[in-house]
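Q: Starting off with a structure, shown below.
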Amino acid sequence: MRIDIISCQPGLLEGFFAHSIMKRAAENGSAEVVIHDLRDYGLGKNRQIDDYAFGGGAGMVMMIEPLSKIIRNLTAERQYDEIIYMTPDGERLNQKAVNTLSLRTNLMIICGHYKGIDERVRQLFVTREISIGDYVLSGGEIAAAALADAVIRLIPGVLNDETSALTDSFQDNLLAPPVYTRPAVFEDKAVPEVLLSGNEKLINEWRLAKSVERTEERRPDLLQ
Ligand code: ADE
């Protein structure tokens, strides 16, 4: 998979993809993340990328020319399965959407800033608009990193067995059960007996029951 991310703050993203599981995914060829600095496509000697909103009001709007130039450059090189704009008014991201996106070959992600991007960019180029939650970030970079991370970790070969995605929360509309490691007793808190029993069937039954209990308690909407 290849993910192109368009940002006017590329430094926010570079560190993120240079570590841990995202770094491993790049090194073993599972996912190539290419970060583009929108400023390189800015207008004039100031490399302008934003301007005042028509109609007035506070906040700048990201201009259509720099964005259309880079999007057209990229789409001339390869076909994109989705051109995604990270925005709080997009569809709310969930595991189902992440699973689907992890099967794609080429994704492009646009990070907004200020008051957002010129509406015509959305009309002309964007195929999907995604929010990571009902709150407003100061830019789309953290949202893009969250999306790319969630997608890339599902690509076969990125996670090892110990961190397998199959038992994640949400994979079967259930939250994950509680987990424990050594010591078996900490102060007066002991690990549930069954987990020490070595009986795989009982352990699986316990985990499923705990998953259901936790989901009923915390996220009953997932069970509907
Ligand atoms: N940009 C700003 N806030 C956002 C959010 N909640 N989701 C996606 N992109 C955003």
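The values are calculated or read from the model by the stated rules, or taken from the named source; none is laboratory data. Note that the structure is predicted; figures quoted are calculated from it, not measured. FYI the Cβ positions are ideal-geometry reconstructions off the backbone, even for glycines, and counts take in every protein chain you see.
Q: For the stretch 118-143, what are the residues that are under 12 Å from G90 (Cβ atoms) and in contact with a Cys (Cβ under 6 Å, 6 or more places away or on another chain)?
A: Correct list: G140 only.
Q: Show the residue pairs that are 6+ apart or on different chains and have beta-carbon atoms under 6 Å apart, the first residue being within the stretch 77-103 and closer than 21 Å to V121 by Cα, the second being within 13 Å of the ligand (Cβ to nearest atom) and among the acidic types (D, E).
A: Every condition considered, the pairs that remain are Y85/E129; T87/E129; G90/E129.
Q: I've got another one for you. So if I check each of E65, E162, which one is modelled with pLDDT under 95 and part of a helix (DSSP H, G or I)?
A: Matching residue, one of E65, E162: E162.
Q: R128 is checked against (1) modelled with pLDDT of 95 or more; (2) over 19 Å from V61 (Cα atoms); (3) crowded, with 18+ Cβ neighbours inside 10 Å and fails just one. What number does that condition carry?
A: (3)
Q: Tell me which residues, restricted to the stretch 122-152, are within 11 Å of the ligand (Cβ to nearest atom) and either in a helix (DSSP H, G or I) or of a type in the set (A, V, I, L, M) (or both).
A: Listed by number, the residues that qualify are I130, I132, V136, L137, E141, I142, A143, A144, A145, A146, L147.
Q: Looking only at residues in the stretch 99-121 that are part of a helix (DSSP H, G or I) and surrounded by fewer than 19 Cβ atoms within 10 Å (Cβ to Cβ), which one is nearest to the ligand (Cβ to nearest atom)?
A: Among residues in the stretch 99-121 that are part of a helix (DSSP H, G or I) and surrounded by fewer than 19 Cβ atoms within 10 Å (Cβ to Cβ), the one nearest to the ligand (Cβ to nearest atom) is E119.
Okay, residues lined up against (1) loosely packed, with under 14 Cβ neighbours inside 10 Å; (2) on the phi < 0 side of the Ramachandran plot; (3) not assigned by TED's automatic domain parsing to the domain that holds S20:
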residue: N173; (1), (2), (3): no, no, yes
residue: T181; (1), (2), (3): yes, yes, yes
residue: V185; (1), (2), (3): yes, yes, yes
residue: E193; (1), (2), (3): yes, yes, yes
residue: E200; (1), (2), (3): yes, yes, yes
residue: N204; (1), (2), (3): yes, yes, yes
residue: A209; (1), (2), (3): yes, yes, yes
residue: R214; (1), (2), (3): no, yes, yes
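Q: A further question follows. Looking only at the stretch 38-57, decide whether some residue is part of a loop (DSSP other than H, G, I, E, B) and within 16 Å of the chain's Cα centre (by Cα).
A: no
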